[in-house]
């Protein structure tokens, strides 16, 4: 049966029927789903960033970055804005900006760019295309010690000199190595409990979008996210898309290691990249919160591409490969730029779904009438809630990433000539020679 939730509607085919979905939900409730959900909400704080009546700390940060963004937009000396950060400091905010920018006339935009990679070509590509003297730089690192962000900020200082500090804004945690207010134009604080991949609707995404596209656009994003936050509290999978998707994805995970996201909207071209981090980094774990091994498979590998581009790339595998791969088709009836009813695009969504149905391939359709700032905010919150529900079903901590931290630690040792195991030494020799 279709499930409706504010601006979005969900159609599931080939995975769980209505009765099976309720059975799966009943078993999840028996295994403490809602108790785990309550605990999960104490481990994070991402939802306060869009709550209309948050605690004072979150309210003050939101007011501060809104006023700052309005002042920058009124300052004709600032023409461009660049965000330097990686992971959740880049993927989510960049995907949000790209999803929203077509809703704002070009004459009302400040051009925005993002620098993330340690590879200096990423930095050089951006720096060569912007006027350095009239650009504002937003440096984002919750810990203040993220290697890629530190290196790229130093590259900026080396290129521009110390005077660039007057055009650097920092987003970090209180007390981090970047928390030096008298060095930068402004420092905004990020709550320690707001993880990077869940920080899109916080100041991390809000500041650059508010500067580039305006504070009114951003406020609509927050309203849409908050409306979805209320919807996901409903304890009925027939009325809660996030809950239904989490149950269906867990069921599908028994038969497939992959989950594919296909947005049939150019504005959502970067959305699969964001979801890849959100889902894989949150739930790609093999140990429960109590420290015991999980009993079955957890997060699938998530990837995607825009339709209809993907149809000419890997849909052959999805239709006739040896292993069924669950697919979500995200459809939007009207285009952003011209508000044209996209019957031709919808025809492809219907056709692909029909072919999947004929081959008994599990898939779903998630659809909205328009991609507005409000519906985009709802989409972000929908998948955040789905990810946390999945973590609750598997009894995982959705807000840490110990595997990522281990890789960072080893990288620091590679050329320090100590504490490397034999394999790493051999590989270093191979690469260096």
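The values are calculated or read from the model by the stated rules, or taken from the named source; none is laboratory data. Please read these numbers as outputs of a predicted model, since none were measured by experiment. Note: ideal-geometry Cβ built from the backbone for every residue, glycine included; neighbour counts use all protein chains shown.
Tabulated data for the structure shown
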| item | result |
| --- | --- |
| Residue in region 390-407 that is crowded, with 21+ Cβ neighbours inside 10 Å and touching a strand residue (DSSP E or B) at 6+ places or on another chain (Cβ under 7 Å) present | no |
| Which listed residue is surrounded by fewer than 13 Cβ atoms within 10 Å (Cβ to Cβ) and in contact (Cβ under 8 Å) with a residue 40 or more places away in the chain, from 108, 166 | 108 |
| Qualifying residue in region 379-388 (condition: closer than 29 Å to residue 48 by Cβ, surrounded by fewer than 20 Cβ atoms within 10 Å (Cβ to Cβ) and touching a strand residue (DSSP E or B) at 6+ places or on another chain (Cβ under 8 Å)) | no |
| Counted residues, region 358-378 - those being assigned to a helix (DSSP H, G or I) and surrounded by fewer than 24 Cβ atoms within 10 Å (Cβ to Cβ) | 3 |
| Given (1) without any contact (Cβ under 8 Å) to a residue 12 or more places away in the chain; (2) closer than 15 Å to residue 72 by Cβ, index of the condition residue 215 fails | (1) |
| Residue list for region 212-240, filter: under 22 Å from residue 48 (Cβ atoms) and touching a strand residue (DSSP E or B) at 6+ places or on another chain (Cβ under 6 Å) | 231 |
| Filtered residue count, region 396-417, keeping only those that are farther than 21 Å from residue 384 by Cβ and part of a helix (DSSP H, G or I) | 9 |
| Unique match (being assigned to a helix (DSSP H, G or I), touching a residue at least 12 places away in the same chain (Cβ under 8 Å) and closer than 30 Å to residue 334 by Cα) among 100, 156 | 100 |
| Residue match in region 334-347 (condition: in contact (Cβ under 8 Å) with a residue 40 or more places away in the chain, under 25 Å from residue 239 (Cβ atoms) and touching a helix residue (DSSP H, G or I) at 6+ places or on another chain (Cβ under 8 Å)) | no |
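Each row is one residue, and each column tells you yes or no for (1) at pLDDT below 95; (2) more than 27 Å from residue 110 (Cα to Cα).
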{"site": "2", "(1), (2)": "yes, yes"}
{"site": "10", "(1), (2)": "no, yes"}
{"site": "16", "(1), (2)": "yes, yes"}
{"site": "21", "(1), (2)": "yes, yes"}
{"site": "36", "(1), (2)": "no, yes"}
{"site": "56", "(1), (2)": "no, yes"}
{"site": "61", "(1), (2)": "no, no"}
{"site": "81", "(1), (2)": "no, no"}
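Here is a yes/no grid of residues against (1) without any contact (Cβ under 8 Å) to a residue 24 or more places away in the chain; (2) closer than 19 Å to residue 223 by Cβ; (3) outside any strand (DSSP E or B); (4) in contact with a helix residue (DSSP H, G or I) (Cβ under 8 Å, 6 or more places away or on another chain):
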{"position": "35", "(1), (2), (3), (4)": "yes, no, yes, no"}
{"position": "58", "(1), (2), (3), (4)": "no, yes, yes, yes"}
{"position": "63", "(1), (2), (3), (4)": "yes, yes, yes, no"}
{"position": "66", "(1), (2), (3), (4)": "no, yes, yes, yes"}
{"position": "77", "(1), (2), (3), (4)": "no, no, yes, yes"}
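Conditions tested, residue by residue: (1) closer than 24 Å to residue 395 by Cβ; (2) crowded, with 20+ Cβ neighbours inside 10 Å.
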position: 2; (1), (2): no, no
position: 10; (1), (2): no, yes
position: 14; (1), (2): no, no
position: 18; (1), (2): no, no
position: 30; (1), (2): yes, no
position: 50; (1), (2): no, yes
position: 60; (1), (2): no, no
position: 70; (1), (2): no, no
